[in-house]
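Comments concern the structure below.
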Amino acid sequence: MTLEATPLFTIENLHAGIEGKEILRGLDLVIDRGEIHALMGPNGSGKSTLAYVIAGHPNYEVYEGRILYKGENILEMTPDERAKLGLFLAFQYPTAIPGVTMANFLRLAVNSVRKARYGEDKALSPREFRRLMREKLAMLRMDESFATRYLNEGFSGGEKKRAEILQMALLEPEFAILDETDSGLDIDALRTVADGVNALFNPNMAMLIITHYQRVLSYIKPHFVHVMLDGKIVASGGPELAEELEVKGYDWLKAEFAEAAS
Amino acid sequence: MATEAELELQRLGTEYKYGFRDPEQYVFKSRKGLDREVVEQISWMKNEPDWMRQFRLKALEYFLKRPLPTWGADLSELDFDEIHYYVKPTERQGRSWEEVPEYIKQTFERLGIPEAERKFLAGVGAQYESEVVYHSLREDLERQGVIFVDMDTAVREYPDLVKRYFGTIVPPNDNKFAALNSAVWSGGSFVYVPEGVRVEIPLQAYFRINAENMGQFERTLIIVEPGGYVHYVEGCTAPIYSTASLHSAVVEIIVKEGARCRYTTIQNWSKNVYNLVTKRAAAYRDATMEWVDGNLGSKVTMKYPAVWLMEPGARGEVLSVAFASDGQHQDAGGKMVHVAPYTSSQIISKSISKGTGRASYRGLVKVHRGAHHVRSNVVCDALLLDEQSRTDTYPYMEIEEEQVSIGHEATVSKVAEEQLFYLQSRGLSEAEAMSMIVNGFIEPITKELPLEYAVELNRLIQLEMEGSVG
C-alpha cells in the first residue's frame, strides 16, 4: 500500500494584504519537490506580495487561507522560524546593512539555519565556513572581496542579485522563491545567475520563480508556469504558456479574466 | 520580607553578568562625606609629600566653592555626603601575582584578567577600589625606559616628572569634578614614554569599584616624549549596588612633537554609577592624539574627551560610542580646541538609544584667533531602537578665525523594519538581527578597538538586545 506523499508546499485559498487592503484574493498553488514553477503577471498583480507573505513580512496581514510547508501551516511563524525550516526568499530589492560584512552575516545565518535543520553539532567552524563561501563565490563568478564588503551596501543592481543567489547557495533551502531576480541584469549577468540557480537546483528542492518577463525562463526551464492577475492565479500550464505570453502579452488574459468574472 | 533595595539588587544581579561582589575586606575605609580632615587622612595614609597634600587641600576649596553644573545630565540625586572617598583594600601593593590577596584574585579571574595578561599584555595596572594592588610591567618595556606604574607609586618614585606635569592639563579648578578628583584622587596610571620609543603593545588597565557608595577617583597622567608612541587601554566593569556610586576620574595626556598617543576606553559601569570624567590632552607640533571612547554602562555619564591643539601640525581625533538603555543618560562627545594654525581635528560620535534611554552628543570645536588653516570635521550619528528612546545633539562651535574649514553633519535614524525582516528571513532571530544592525552601526569605531575589546563590546550589545526583544 502506498500513501500519496504530502506535497512540499501548498497554498490554499490565500487572502492577504496590507493595511486592510486586500491584494491576494483566494490564491491556490501546489509545488512539489523537483519542480520549478514560474509565476508571471503584470505589475501590481500581487506577485511580490505573495513572496512577502510566504516569507512572513510583519506588515502583511493574512485574512483567510493557509500556507502549508511539509504539511505544516507556517502562517503563525516568524520569518526566522520559516527560514530555519528551509524556506528562502531572494529579494527583489535587498536591503543594505551598513557595517555588517557579508561573511559575518552569512556565517551567523548559515549556522543558525544549519543547527535548526541538521542538528546543534552541524554548525560550521569559521574555517569550514570560509572554504564553503569561497567555493560558492567561485561558482557564481563573484570576487572573493565580496566576503568583506558590507551587506548590499554600495552594490550595483547586478551585484545585489548575485549576492542573493550566493546566500541561497549557502543556506541550501528546500523551497526557494526568486522574486524578479532577473530584473536589472544584463545578459551576461543573467546567464551567470541562471547558471548558478540551475547548479543549485536538485530533485529534493523546489523553486518558485517570480518574473515579469519570459526572458529568464529560457535560461531556467520551469516545469510549470502560472499567470497571476488581480491577486489570483488565472492560468496555469507548461513552459509553452510563458512563450504564449511573450508573444501575446497579458492583455488577452486580462480580457478573458474580466469576462469570466463578470 | 525583602526591602525594595534588596529586590532591586536581586533583579539587577540576574541581568548583569559582572554583578557579583566580594565580601568587603578592607584595611582602611574613610568615613562617609568629605571635608579637610578626610583629605588630610587620605594624604597621610598614602604617606605623600607635602606639595601633594597642599595640592589636594587647595582642590578641596575649589570643589566646595563650585556649584554643580546645571547643563548636561541631571545630577540632583548625587549626594556627596553619602560617599566613602577612600578605601584602602590591602596593606601594601602586591609586587607579583602571588602576593595579591586571594579574594582579589578571584575577582580578577572572573573578569578574565590573568588569562589576558598571560597572552599579550604589556603590563596590567588593575585598579581594585582605590588602590592599585597589582602591577606588572614587561621587562623589555622597562629596558626601553617606559614607565607604567600606578599614580601613587609615581608620586613616590618619580616626583620630578609628576610634579612637573600633574594638574597642568586639567587644573584643579577646571570644573567641580576635576576639583573633587584632585582633592581625593587615588590610583590610576602613570605612563612615561621616552623620546623616540614606540610601545608596540597596548598598555592595559582594568578598573573596578567594589564598595557600596564608594567613589572611585583615579588619576591618570600620560607623557609621550617627542617621536614616541603609546596605546593605553582602559576597560571597566563594576558590580551592582542598590544606591548610587560615583566615578570621577581625571586623565591628563601630553603628546610632544611628532609623538602619537591613543587612549581607548570601554566603560561598562553598573547602572547606578555616576560617571563624570574629565579627559584632556595637549598635542604639540605634528603630534597626534586619539581618544576612542565607548560608554555603555552607568546611570549618568558626562564625558567629553578633549584635545588642545597647541602647535602647527597637531591632530586630534575623538571616536565615541554611547549606548543608553532604560534609565540611562549618556551625555558624551568631544572637544577640540585649536590654539595653533595648521591643526586638524575630527570627532565621530555614534549613539544608540533604547527604551527610556537618552543619548546626547555634546561637542565643542573652538578655533582661537590666529589659528588659521584649521580643518575640523564633526560627524554625529544617532540610532533610535524604538519609539520611546531619545537623542539630542548639542554641537557648539566657537570659531574666531576666518580661514578655516569646518564640517559638521548629524544624522538620526531608526532601525528599519525592512532591515530586520531581511535579516530574519535568513534565519536570524529578532534579537540577533537587532544586535547585528547596531553592531554594524558602530563598526566604524569597533574596527579601531583591539580585537578582544571589539568582541566584548559586540557581546555587551547583544546582551542588551536580548533583554529588549520579546
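The values are calculated or read from the model by the stated rules, or taken from the named source; none is laboratory data. Here the structure is a predicted model, which means the values were calculated and not measured. Neighbour counts run over all protein chains shown; Cβ positions are idealised from the backbone, glycine included.
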(request) Report, by residue number, each residue of segment A:152-184 that is assigned to a loop (DSSP other than H, G, I, E, B) and touching a Lys or Arg at 6+ places or on another chain (Cβ under 6 Å). (result) A:Asn152, A:Thr181
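Residues that are in contact with a strand residue (DSSP E or B) (Cβ under 6 Å, 6 or more places away or on another chain) and of a type in the set (Ser, Thr, Tyr): which strands (runs of 3 or more DSSP E) entirely in segment B:246-305 hold 2 or more of them? Walk me through it before giving the result.
Numbers: elements: B:250-255, B:260-268, B:273-283, B:288-295, B:300-303.
Result: B:260-268, B:273-283.
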(message) Here's a check for you: in segment A:52-100, which residue that is away from chain B (no Cβ under 13 Å) and touching a Lys or Arg at 6+ places or on another chain (Cβ under 9 Å) is surrounded by the most Cβ atoms within 10 Å (Cβ to Cβ)?
(response) A:Tyr69
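Looking at B:Ser298, is it assigned by TED's automatic domain parsing to the domain that holds B:Leu246 and at pLDDT below 95?
Working: assigned by TED's automatic domain parsing to the domain that holds B:Leu246: yes; at pLDDT below 95: yes.
Considered against the rule, which asks whether it is assigned by TED's automatic domain parsing to the domain that holds B:Leu246 and at pLDDT below 95, B:Ser298 comes out as yes.
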(request) Find the residue count for segment A:39-51, including only residues that are without any contact (Cβ under 8 Å) to a residue 12 or more places away in the chain and at negative phi. (result) 0
(message) Please go through segment A:101-125 and give me each residue that is out of contact with any helix residue (DSSP H, G or I) (no Cβ under 6 Å at 6 or more places or on another chain), part of a helix (DSSP H, G or I) and either surrounded by 15 or more Cβ atoms within 10 Å (Cβ to Cβ) or away from every other protein chain (no Cβ under 13 Å) (or both), ordered by number.
(response) A:Asn104, A:Phe105, A:Leu108, A:Ala109, A:Asn111, A:Ser112, A:Lys115, A:Arg117, A:Glu120, A:Asp121
(request) List every residue pair whose Cβ atoms sit under 6 Å apart, with the two residues 6 or more apart in sequence or on different chains, where the first one lies in segment B:417-432 and is more than 7 Å from chain A (Cβ to nearest Cβ) and crowded, with 24+ Cβ neighbours inside 10 Å and the second, anywhere, is assigned to a loop (DSSP other than H, G, I, E, B) and among the small types (Gly, Ala, Ser). (result) none
(message) Which count do you get for residues in segment A:56-102 that are closer than 30 Å to A:Asp251 by Cα, hydrophobic (A, V, I, L, M, F, W, C) and touching a residue at least 60 places away in the same chain (Cβ under 8 Å)?
(response) 3
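Do we have any residue at all in segment B:446-454 that's within 11 Å of chain A (Cβ to nearest Cβ) and assigned to a helix (DSSP H, G or I)? Step through it out loud before you land on a result.
First, the residues of segment B:446-454 that are within 11 Å of chain A (Cβ to nearest Cβ): B:446-447.
Now drop any that are not assigned to a helix (DSSP H, G or I), which leaves B:446.
Looking through segment B:446-454, at least one residue is within 11 Å of chain A (Cβ to nearest Cβ) and assigned to a helix (DSSP H, G or I).
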(request) Identify all residues within segment B:308-354 that are within 20 Å of B:Asn295 (Cα to Cα) and either assigned by TED's automatic domain parsing to the domain that holds B:Asn295 or not in a strand (DSSP E or B) (or both); write none if there are none. (result) B:Ser325, B:Asp326, B:Gly327, B:Gln328, B:Lys354
(message) Suppose we filter B:Arg369, B:Arg375 for residues that are in contact with a Ser or Thr (Cβ under 8 Å, 6 or more places away or on another chain) and either among the basic types (Lys, Arg) or in a helix (DSSP H, G or I) (or both); which single one remains?
(response) B:Arg375
(message) One residue is enough: does segment A:4-22 have a residue meeting the conditions crowded, with 21+ Cβ neighbours inside 10 Å, in contact (Cβ under 8 Å) with a residue 12 or more places away in the chain and over 17 Å from the mean Cα position of the chain (by Cα)?
(response) yes
(request) Quickly run through segment A:238-262 and pick out the residues that are loosely packed, with under 14 Cβ neighbours inside 10 Å and either modelled with pLDDT of 95 or more or not in a helix (DSSP H, G or I) (or both). (result) A:Gly238, A:Gly249, A:Ser262
(message) Just the residues that are part of a strand (DSSP E or B) and either of a type in the set (A, V, I, L, M) or within 14 Å of another protein chain (Cβ to nearest Cβ) (or both), please, taken from segment A:31-51.
(response) A:Ile31, A:Ile36, A:Ala38, A:Leu39, A:Met40
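Could you check segment B:331-353 and list, in sequence order, the residues that are surrounded by fewer than 24 Cβ atoms within 10 Å (Cβ to Cβ) and among the basic types (Lys, Arg)? Step through it out loud before you land on a result.
Here is the first cut: in segment B:331-353, the residues surrounded by fewer than 24 Cβ atoms within 10 Å (Cβ to Cβ) are B:335, B:337, B:339-342, B:344, B:346, B:348.
Residue satisfying the conditions is B:Lys335 alone.
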